[in-house]
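First up is the structure itself, then whatever we jot down about it.
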Amino acid sequence: MKYYDKLIFEISRPGRVGYSLPKNWSTDNGQQSTDKPDGSLSIVNCQLSIPKVLLRETPAELPEVSELDVVRHYTNVSNKNFGVETGFYPLGSCTMKYNPKINEEIAHHPAFSGLHPLQSEESVQGALAIYYHTARALSELTGLADFTLTPFAGAHGELTGLMVMRQYHLLRGDTKRTRVIVPDSAHGTNPASAAVCGLEIVEVKSTANGTVDTNDLKGLLDDTIAGIMMTNPNTLGIYETQVVEIARLVHEAGGLLYYDGANLNPMLGASRPGDMGFDIMHINLHKTFSTPHGGGGPGSGPVGVAAHLVDCLPNPRVTFADGKYKVESGKMKDESCGRVAAFMGNFGVVMKAYTYILSLGKGIKHVGPIATLNANYVKESLRDAYYLPVDTVCKHEFVFDGLADKSTGVTTLDIAKRLLDYGYHAPTIYFPLLFHQSIMIEPTETESKETLDDFIDIMHRVAEEALSDPDMVKSAPHTTPVRRLDETTAAKNPLLKYRDLI
Ligand SMILES: *Cc1c(COP(=O)(O)O)cnc(C)c1O
């Protein structure tokens, strides 16, 4: 291991510094700094402007390194990272599309990034206009009446949407509706959000072709059902062709339809959840509307509702009247489901989404069809080597159930690890839970045919290696800085502090 590849604490040497301040420099509060006899600089005097009670008693245990050590260390660490800007990232269900740089430039413009959430309404009219018009654009794209942009993530949007659903029933005095139907193919956040919202989960089965079983659904509908949560296309990337009939059945039984819009990408400009009969939905701005994500954020999960639910949306809301944008937050409307976030949510992510929508313009209608074409191209090109459990035209993603030839003992995990040796991010594996060896691939619309052909080649090569040298595939990866990790220990008992290591 190279010296500067170690932990930054391990390359620390006493007294080594990465800065030099002028002798006798003057601090903000007029104190002079002093040079210590050993030549290092004491900045003790600057601390005098900080109340004594807040000062640490012992020096912070920071690494002592030169500027060059720091630059090399972090440059090397960053090179070990993998992102959509490093290579193809076919992580199913996550929509790892390229995020245009112009989004960042606009979001980081000081006129926006320098705003303070407590500024007066008059001084942030431009930001409120963006907030308001982003909501209008999302309404147009989804066919729903209004949006709140405050939830911080997809799962947070689900919780907010379910709070709206519950509030709607409670306002009508319909207190019996405490159960929500979730398909067995649903993303794990769906039942989790329903549980957090205090709702009981009822599972509806899928048919052999991967869509919701309407016969099973009919048997579940009664006056205790608050609604159904659906993803369309579902987590297998398959379009729910019965959605209009499902909407009719659920509405007839007095329930509402929730749309998990994390899979909105293939629908953009092609069809609208509101037109399919959905009452409530969330959008993952960080997936469909191109904000870098992974590693936990930042995200944004706007929630949209049909006209009859607008009053149940959370506060605060941005309204427009008499040429002025206003934040309605002080007086909570009685009908509102409450408040779900501090201030206005992740405004920077909203800015990126708005920039993305405006810069694509009418071109946004090509997003869904190209994402769909790319997924079907990869699927059809690999069907000889990988097992396709549901064989139909997919939308933006699809699922293989491991290799077609099961005799080698090579698993989905082995394939995912071997792809790392070839410089690819692994697809999503072992999700959805409907199959034992799920490999879920989502190429997105931003990849060229050349990139897809390269990936298809590598996937074929791995399938061949599984036959010719299965042990080599089972022991992959061979070229990464670390090999197979103990993922259970890493998840359950992570060592996050340098001190814990020694
Ligand atoms: C990503 C995803 C979610 C959750 O979104 P987060 O922003 O990660 O909370 C929910 N449902 C589906 C189908 C998803 O793909």
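Provide, for q = 0.13, 0.27 Å⁻¹, the log10 of I(q)/I(0) from a solvent-free Debye sum over equal Cα point scatterers in region 371-444. Listed by q, the Debye log ratios stand at -0.34, -1.42. With the highest mean first, a sort of the peptides 265-275, 95-105, 349-359, 160-170 on other beta-carbon atoms found within 10 angstrom per residue produces 160-170, 349-359, 265-275, 95-105.
Amide hydrogen proximity for Leu91: with H placed 1.01 Å from N in the peptide plane, the residues at 5 or more positions away or on another chain lying under 5 Å are Met96, Glu442. Based on DSSP, what percent of beta bridges with both residues in the chain are antiparallel, to the nearest 5? Antiparallel bridges: around 60 percent, rounded to the nearest 5. Could you pull out every one of the aspartates and glutamates with an alpha carbon less than 14 Å from that of Lys324, ignoring same-chain neighbours closer than 8 positions? Cross-link targets: Glu121, Glu122. Summing +1 for each Lys or Arg and -1 for each Asp or Glu among the other residues whose beta-carbon sits under 14 angstrom from that of Leu257 gives -4. Each peptide among 457-470, 53-66 gets the average number of other Cβ atoms lying within 10 Å of its residues, and from highest to lowest they stand as 457-470, 53-66. The listed peptides 301-308, 394-401, 119-126, 374-381, ordered by packing as a protection proxy, come out as 394-401, 301-308, 374-381, 119-126 (highest mean of other Cβ atoms within 10 Å first). The Kirkwood radius of region 229-292, taken over pairs of alpha-carbon atoms, gives through the Stokes-Einstein law at 4 °C and 1.567 mPa s a diffusion coefficient of 107 µm² s⁻¹.
Remark on Tyr386: its backbone amide H falls under 5 Å from those of Ala404, a criterion applied only to residues 5 or more positions apart or on other chains, H modelled at 1.01 Å from N. Among the listed pairs Lys379/Lys406; Lys97/Lys379; Lys2/Lys97; Lys362/Lys449, those with a Cα-Cα distance over 29 Å are Lys2/Lys97.
With the cut-off at under 12 Å, measuring from each backbone N in region 175-213 to a point 7 Å along the Cα-to-Cβ line of Gln242 picks out 204-213. Counting Lys and Arg as +1 and Asp and Glu as -1 over every other residue whose Cβ lies under 15 Å from the Cβ of Asn284, the net charge comes to -1.
Residue-wise HN-Hα couplings along region 336-347, as the Karplus relation 6.51 cos²θ - 1.76 cosθ + 1.60 with θ = phi - 60° gives them from phi, are 4, 6, x, 10, 10, 7, 6, 6, 10, x, 7, 4 Hz; Gly and Pro carry x.
Remark: region 274-371 carries 40 Å² of accessible area per residue (probe radius 1.4 Å; ligands, DNA and RNA excluded). Averaging 1/r over every pair of different alpha carbons in the chain and inverting the result gives a Kirkwood radius of 25.8 Å. Based on Cα contacts under 8 Å between residues 6+ apart, the chain shows a relative contact order of 17 percent.
Electrostatic bookkeeping for His156 treats Lys and Arg as +1 and Asp and Glu as -1; over the other residues with beta carbon under 15 Å from its beta carbon, the sum is 0. At q = 0.30 Å⁻¹, what is the base-10 log of I(q)/I(0) for region 439-494 according to the Debye formula with one equal point scatterer per Cα and no solvent? Please give it to two decimals. Taken in order of the listed q values, log10 I(q)/I(0) reads -1.10.
Mean projected area of the convex hull spanned by the Cα atoms of region 370-502, taken over all viewing directions: 9.6 nm².
The values are calculated or read from the model by the stated rules, or taken from the named source; none is laboratory data. Keep in mind that this is a model prediction, so the values were computed, not measured. Methodologically, a virtual Cβ is constructed for each residue, glycine included, from the backbone with ideal geometry; neighbour enumeration extends over all protein chains shown. Accessible surface is based on the protein model in full, side chains and every heavy atom, while ligands, DNA and RNA are left aside. Shrake-Rupley method; radii C 1.70, N 1.55, O 1.52, S 1.80 Å.
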